[in-house]
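This report concerns only the one structure given below.
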Amino acid sequence: MSQVASAGRHPVVLPMTATQRELWRCRHDLGPCPAHTRALRLTGTVDDTRLAASARQVVATIDVLRAGFVTEPGEAPVVQPASPRVQQTTVDGDGTCLDVLDNHRRSAGQHSAPSVVVSVVRTAPAEVVLAVSGHPLLVDLRSLYLLLGAVMQHYLGRFRPDEYPTFTQAAAACAELAGQHGGRIAWWSRQLDRWPRPVDGPAVRARHQAQLSMTRSRWQRLCQVSAHAGNAGPLAIVALLTWWGQHTEPARRPVFQTTFDLRDYAGLGPVIGPFTDRLVFAVDTTDLTTMTFQDLVRRVHAGLLDSVVRYVPYGALRRFATERAPGELPGEVLINYCRTPPTSDTTRGERTLARHGLSIELFRESDLALRGAGADPGRAAIELELAEHRDGEALLVRADPARFPPDRVDALVRGLDRQIDQVTAQPSIRLADLPAD
C-alpha cells in the first residue's frame, strides 16, 4: 500500500539568504547537492493515517517548505516553488524501509525541483518509521530533526506554530548579521596570509568511506576530555586529527572547516530552513610536542572561538579569498556537526510518551548518513560526521582518494581507534608519548 499526498498552501517566492546563494553557486560549479534523510522509529500504538495528517498540517505552516527563491529581489525565480509531499506506505522490515527512504531522498534532491518529502512507513505490526528527506537549499540537517519533532508534537496535540520562527524573520536577522562583517576582514586577511592553500586538483565525487564505531560510554568518556568546552567530543576528534596531520604533513598548519549553526550564533530559535553556514578555523601547533592532549584540545577550542567571534559568511569570505589568489579556501578537513549529536537516550522509554503507548528512537541514523554521502558541495578532501550507530556513536569518514588514498584513510581510522582509548584513560598524556598512527 502506498499513498502520496501533496501538502501546502499557496507557494511563495523569497530572496535567497547568503548561505543559500553559496549552495546555489556550488550546485552549478561543483554539481548537485544530494538531499539528506533523518528518521524516527516509533514503537507501540501508532495511527499511521493520523500521523500522516499531522505531517501535512505541519508542512503547510512552514513557509520555506513551499517557497521558490530568487538570487536577488526582483529577478525571476531560479528555484521554482517547492511542493512538499507526505508519503504513507507499508513495507517488510528495516532493509526495505531504507531503500524506500533512499528513493524519497533522491526525489527531494532533484536538481530541477528541490523539495521536502515526509514519509510514514510501517515496518512491523508495532513499528512505524517517520522520516523527513530534504534538499539543503530548503532545509539543513538540524531542520530535519526540528521537523520530525514538530510532526510528533502535532500528533500528540502539542504543536504550536508560533513557537517556530518564519524563514522570512530569520533571513532578515541573518542579512543584518552579514552586513556587520566589514570590520572583520582585516583579521581574516592576516589569517589567510598564514594559512596553507588547499592542494590543487579537481573535486572527486566518488569517495572512499570508513567508519569508527564507539559504545555510548566510550563516546561519553571522550566528551569528558573536553568538559571545559561543554563536553564537545568533536573537539577531541579535531585534536587527534591535528596530531595526525602534524606527523603526516608537518610543514602544513592544520586548518579545518566545520558546519556552523546560525540559530545558536544569531539567536534565531528553532527556525526551519537552510541556516547552517561553514566556518574556517586553524589550530596553533607551536611547541606541540611539549603539550598534553588536554592542552591541545584547549587550543582547538581557542582556534574555533577565534573564528566564531569574527564570523564572516562563508560565501563572502570565499569571494574575498579568491580575489587575493585563485582557488578554494583553506581547510581540507570538514567536520560536520562540531557538537554532540542527538541520541535516542532522551526519548526511548520516556514516561510521557509511554502514557501514549509509544517509545521513540532515532532510526538507523548512521545508515541514513552514509546513504546521503557526498553532501559536501565544496572540495574538502576529508569529511567527518557523527551519527548514532546501534547503541553508540559512529564517526563516519569520507575521503577523496586522489588526495588521501584508501589505505591511508583506513590507517587513520585504526589510529584514531587506538588513540581514543589512550586519551580517555589518560587525558593529560603528553603528546610526545601519544603515537600518531
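The values are calculated or read from the model by the stated rules, or taken from the named source; none is laboratory data. Source: prediction; values computed, not measured. We place every Cβ from the backbone using ideal geometry, glycine too, and count neighbours over all the protein chains shown.
At a glance:
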quantity: Selection from the stretch 227-243 of residues that are assigned to a helix (DSSP H, G or I), in contact with a helix residue (DSSP H, G or I) (Cβ under 9 Å, 6 or more places away or on another chain) and of a type in the set (A, V, I, L, M); calculated: ALA229, LEU235, ALA236, ILE237, VAL238, ALA239, LEU240, LEU241
quantity: Filter result for the condition that a residue is of a type outside the set (A, V, I, L, M, F, W, C) and modelled with pLDDT of 90 or more, over PRO406, PRO341, PRO326; calculated: PRO406
quantity: All positions within the stretch 14-36 that are in contact with a Ser or Thr (Cβ under 9 Å, 6 or more places away or on another chain) and either at pLDDT 95 or above or farther than 30 Å from THR346 by Cβ (or both); calculated: LEU14, PRO15, MET16, GLN20, ARG21, TRP24
quantity: Cβ pairs under 6 Å, 6+ apart, first in the stretch 221-244 and under 16 Å from ASP295 (Cβ atoms), second assigned to a helix (DSSP H, G or I) and modelled with pLDDT under 80; calculated: LEU235/ALA229
quantity: Qualifying positions in the stretch 120-146 - under 15 Å from GLY269 (Cβ atoms), buried (at least 22 other Cβ atoms within 10 Å of the Cβ) and either modelled with pLDDT of 95 or more or not charged (D, E, K, R) (or both); calculated: SER143
